[in-house]
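What follows is one structure encoded as C-alpha cells, with my remarks underneath.
Derivation of every value follows stated rules applied to the coordinates shown; laboratory data play no part. Just so it is clear, the model here is predicted, and its values are computed rather than measured. Positions of Cβ are backbone-derived with ideal geometry, glycine not excepted, and every protein chain shown enters the neighbour counts.
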Amino acid sequence: MSSPGSGIFSGFTKLCKGLTVILIGGHIVVRLLPSSVIYLALIPARTIPFGWNLITAGYIEQSLHGVVVSVIGLLFMGKLLEPIWGSKEFLKFIFIVNFLTSVCVFTTAIALYYITREENYLYMPLSGFHGVLAGFLVGIKQIVPDQELSLLKIKAKWLPSLMLLISIAISFFTPDSATYLPTLIFGAYMGWIYLRYFQRKPETKHRGDPSEDFAFSTFFPEFLRPIIDPIASMFHRMLCGKSEASTNAQGYTVGGAPLIGSDPIEASRRRERGARALEERLAAERLAAGKNSEEPQIDESDNV
C-alpha cells in the first residue's frame, strides 16, 4: 500500500535519478579514497595539468549534508524543469553551467591569490553541485515567476535572490565561505546568461528570453533597478554589440536593447506552459495523496 506522501516523492525523471547516482557515487569515492579529491575537485594550483577538474568538480560532494541537499534539489527541481526543457536541453544546461561556473571560480581564486598572496586560495579543494542548483533556481524564476510558494510566502521569481542574500549573510559568520559563495554566485549568473541569451528554442529557432520580466535588474528590489539597469545595459552592449545589427533586422528588442535572436512572445508562452505544467503536477500529486488516504479507510471497512 502506498504511503500518503508517495505523490510528492514520485514522478522523478530517469535522468535525474541517474545524476543522483553520480553525485552519491562521487561522494562515496572521496570518502573511501580521500586522495582522489586532488584529481576530482577544483584545486586552482593543480588545474593545470588536471584540467578535467573544471568538469568533475561540480559532481563531487565532499560532505554528507552537501550530497543530501544536492540530491534533493536535483530531484525536485529537475522534476519541474526537465519536462519543460526536455532531457537533452536539461543535461546541456547542467554541463554548460557547471563548466562555466568552474572556470569563473578558478579565475576568481587565482585573482584573490595575486591580490592577497594567500596560498590557501590556490590549494583549497572546491567542489559541489550547488552552482548548478543556483542555476536551476534561475530557471524556475524564468518559467513560473509568479507562482507563490506556500511555505515561504514569496513568489518563485525571488528564489535566486533570496538564496544569494542568505548565502552572503552567512558568509560573514563562516570562515570557509570561499568554498561555496563564489560557486553559488557564478552558478546563478551563468544560468541567467545561458537562459537569457543562448538557450535554443527548437519550435521557433530563436535563442534566449528577451522579456523584461527576466532582465538582470529583476533580481534586485525595484528601488535599485534604476541604478542596475544602466550598468546591465553597458555590459549588454559589451557582450552583444556585434550582434545588434542582425537582431534589429529580426525586430527583437527590449527597451531598445536587442537580444540574440529572441522572441518575446515565445518567452511568454514558455512561462504559461511552465505554470500549466506545475499546476497539473500539483493537481496530480493532490489526487494521488487523496487516493492514498482513502485506502486505509477501505481496508478498515473490509476488516469489519
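Brief remarks follow.
- Long-range HN-HN contacts of LEU126 with modeled amide H, under 5 Å: LEU42, ILE43
- Reported to the nearest whole Å, the Cα centre-to-centre distance from the stretch 154-232 to the stretch 87-110 is 15.
- Scanning residues 5 or more positions from HIS206 or on other chains, those with amide H under 5 Å from its amide H are LYS201, with H placed 1.01 Å from N in the peptide plane.
- Unit charges at the beta carbon, dipole of the stretch 14-235: most positive-side option, LEU80, HIS65, LEU137: LEU80
- Rounded if a/c under 1.5, otherwise prolate or oblate - the stretch 122-173, Cα gyration tensor axes: oblate
- Net length available on complete extension from ARG237 to ASP176 is 18.4 nm, with 0.36 nm assigned per residue and the Cα-Cα distance removed.
- Note that the stretch 58-67 has calculated 3J(HN,Hα) couplings of x, 10, 10, 9, 7, 10, 5, 5, x, 5 Hz, one per residue in order, obtained from phi through the Karplus relation 6.51 cos²θ - 1.76 cosθ + 1.60 (θ = phi - 60°); glycine and proline are x.
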